[in-house]
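Trainee: Please find one structure pasted underneath; my questions will follow.
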Amino acid sequence: MTTLEYLPETPSQTAGPYVHIGLIPHQAGFDIFEKPFGNILVGRNTQGERIRIEGRVFDGLGSPCRDILLEIWQANAAGRYNHPADGQTDKPLDPGFRGWGRTGTEFDTGLYRFDTIKPGPVIGRRGHKPMAPHVNIWLAARGINIGLATRLYFDDEPALNEEDPVLRMIEPAIRRQTLLARRENRDGGVVYVFDIHLQGENETVFFDV
Amino acid sequence: MTVPQAEFIQRDRGQQPPALSPGYKTSILRSPRLALWSLQNSLSEFTGPVFGREELGPLDHDLLLNYAKTGEPIGERTIVHGRVMDENGRGVANTLVEVWQANAGGRYRHKNDTYLAPIDPNFGGCGRVITDETGAYAFRTVKPGAYPFRNQVNSWRPAHIHFSLSGSGFAQRLITQMYFEGDPLIPMDAILNTIPDPAARQRLVAPLDLNAAVPLDSLAYRFDIVLRGTRSTLFENKLQGN
């Protein structure tokens, strides 16, 4: 192995308590960039059902963590990623939708929120069924030495979830529940509630991608 | 841009810090205790967000000027530059690199930082840049100061700059920290020591790069970053499709 000329991946380090400065400076308490990145993924012309994703991130004692950075990456309403390596040319790209956003849990409530659209199903690996609609989540924070990857699935898609090649592999099956967001109707809008448990009885399934 | 059409090489967890590292106390309650589920890459992992240069301002990568109000920030004028590559040794072009750091006194511009050292009115402490076609990037800043943190009673962080790398696929996403060659606080740092392998730790220590310094103006340090590479799909059909 050592004689082959592969470079080793740079080691990860915690994002620390002040991650906001670099990645979401308004939450640190100041503005600096003309075009900051944020948690609103939709524009006026974005196609698809408007949804809000909301939740908290809990530590091993069940306390909400108030300094977590979360990023999401998702397909558009047709189930296509806005990336040149997505070869699903039978599905339209939505020019008004990058499919990525970032935010931090709030210092007072511990809540995070994204305003986005519900993604469509995405083609699976060769020989596998399509993947049910899902949102890829990556989180980093103080006390987290290497970023954690998980997925949000939608609890109102039981038939597609049942066939999803990723959910199906998770054992025991009860742990699949940790990846299901709960649909709620609030003030005329749709909210999916998705809490993440870093550790403990309901520890969320995290992936080694 | 670099477009991986294949999945990423499996992450070598031996080069990485474990989730639980009791010497860094905050990791104790925030570390998953169950095994990660290994996931063969699908489109969801080998695609990722694309960023354009037009989204960034002309001073976003210049921390000496991007928050200057009444003058320039106090501190050692420093250039940090390097190349973002993948494990295959290829430059990662057009990828987003973001940095943040304390000021020269070791104080962060953050509402939760209460350290005694003063805020510098001319220093924001963050910047961002997109790598060029070869994967190269450069920032200009002041060298950050060391500062205390609550771990043991007398724990101090060596001077460091936080780095965030977007990569071309979401599974390449990486946050790390860069240290400065010669800093005596490096060997005892609880955060750096979350990485078990000494050789891996050493890769986060940027050497002085005198040849890249600007005479009579700024010193320079070189920090190369390696993101995950793509796996050759020998004897395999294409990953997508039926």
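Computed from the coordinates by the stated procedures, all read-outs in this text should not be read as laboratory data. These numbers were taken from a predicted model, which means no experiment stands behind them. Here Cβ is always computed from backbone atoms with ideal geometry, including for glycine, and neighbour counts include all displayed protein chains.
Trainee: List the trypsin sites (Lys or Arg not before Pro) in region A:1-93 that DSSP assigns to loop (not H, G, I, E or B) and whose Cβ has at most 11 other Cβ atoms within 10 Å. Which are they?
Mentor: A:Arg44
Trainee: Give the range of the longest stretch in chain A that excludes all GluC sites (Glu not before Pro) found in loop regions by DSSP and having at most 14 other beta-carbon atoms within 10 Å.
Mentor: Result, exposed sites excluded: A:50-200.
Trainee: Where does the protein assembly as shown land at 222 nm, in deg cm²/dmol rounded to the nearest 500, when only DSSP H runs of n ≥ 4 count, each adding -39500 (n - 2.57), divided by all residues?
Mentor: Result for the protein assembly as shown: -1500 deg cm²/dmol, rounded to the nearest 500.
Trainee: To continue, here is another question. Near A:Arg142, within a Cβ-to-Cβ distance under 12 Å, what is the net charge of the other residues, with Lys and Arg +1 and Asp and Glu -1?
Mentor: +2
Trainee: Using DSSP to call loops (not H, G, I, E or B), can you name the trypsin sites (Lys or Arg not before Pro) in region B:142-232 whose Cβ has at most 10 other Cβ atoms within 10 angstrom?
Mentor: Sites meeting the loop and neighbour criteria: B:Arg150.
Trainee: Evaluate E = 1/(1 + (r/R0)^6) for B:Asn154 and B:Glu181, where r is the Cβ-Cβ distance and R0 equals 25 Å; express this FRET efficiency to the nearest 0.05.
Mentor: Here the calculated transfer efficiency is 0.60.
Trainee: Turning to a different aspect of this structure: Answer rounded, prolate or oblate for chain B, using the Cα gyration tensor with square roots of eigenvalues a ≥ b ≥ c: rounded when a/c is under 1.5, else prolate when a/b is larger than b/c, else oblate.
Mentor: Because a/c hits 1.5 or more and a/b fails to exceed b/c, chain B counts as oblate.
Trainee: Treating the beta-carbon of each Lys and Arg as +1 and of each Asp and Glu as -1, no other charges, what is the dipole magnitude of region B:1-155 about its Cα centre, to the nearest 20 debye?
Mentor: That gives a dipole near 760 debye.
Trainee: For A:Val122, what residues show an amide H to amide H distance below 5 Å, using hydrogens built from the backbone and excluding near sequence neighbours?
Mentor: The answer is A:Met131.
Trainee: Rounded to the nearest 0.05, what FRET efficiency is calculated for B:Glu133 and A:Glu171 with R0 set to 45 Å and r the Cβ-Cβ distance?
Mentor: Computed FRET efficiency for B:Glu133 and A:Glu171 comes out at 0.50.
Trainee: May I ask for the distance between the Cα centers of region A:85-126 and region B:129-192, given as a whole number of Å?
Mentor: Result: 28 Å between the Cα centres.
Trainee: For chain A, rounded, prolate or oblate, judged on the Cα gyration tensor with a ≥ b ≥ c (square roots of eigenvalues), a/c < 1.5 rounded, else prolate if a/b > b/c?
Mentor: rounded
Trainee: Right, here's the next one. According to a simple spin-label model (label point 7 Å from Cα along Cα-to-Cβ), what is the distance in nm between B:Val214 and B:Ser38?
Mentor: 4.9 nm
Trainee: Estimate the FRET efficiency between A:Asp156 and A:Asn202 by the formula 1/(1 + (r/R0)^6), using the beta-carbon distance for r and 22 Å for R0, to the nearest 0.05.
Mentor: 0.60
Trainee: Given charges of +1 on the Cβ of Lys and Arg and -1 on the Cβ of Asp and Glu, with all other atoms neutral, how large is the dipole of chain A about its Cα centre, in debye to the nearest 20?
Mentor: Dipole of chain A, to the nearest 20 debye: 380 debye.
Trainee: Something else about it: Counting other Cβ atoms within 10 Å of each Cβ, which trypsin sites (Lys or Arg not before Pro) in region B:1-71 have at most 14 and sit in a DSSP loop?
Mentor: Filter output for region B:1-71: B:Lys25, B:Arg33, B:Lys69.
Trainee: Not counting the cut sites, what is the longest span of chain B without GluC sites (Glu not before Pro) that DSSP labels loop and that have at most 16 other Cβ atoms within 10 Å?
Mentor: B:1-75
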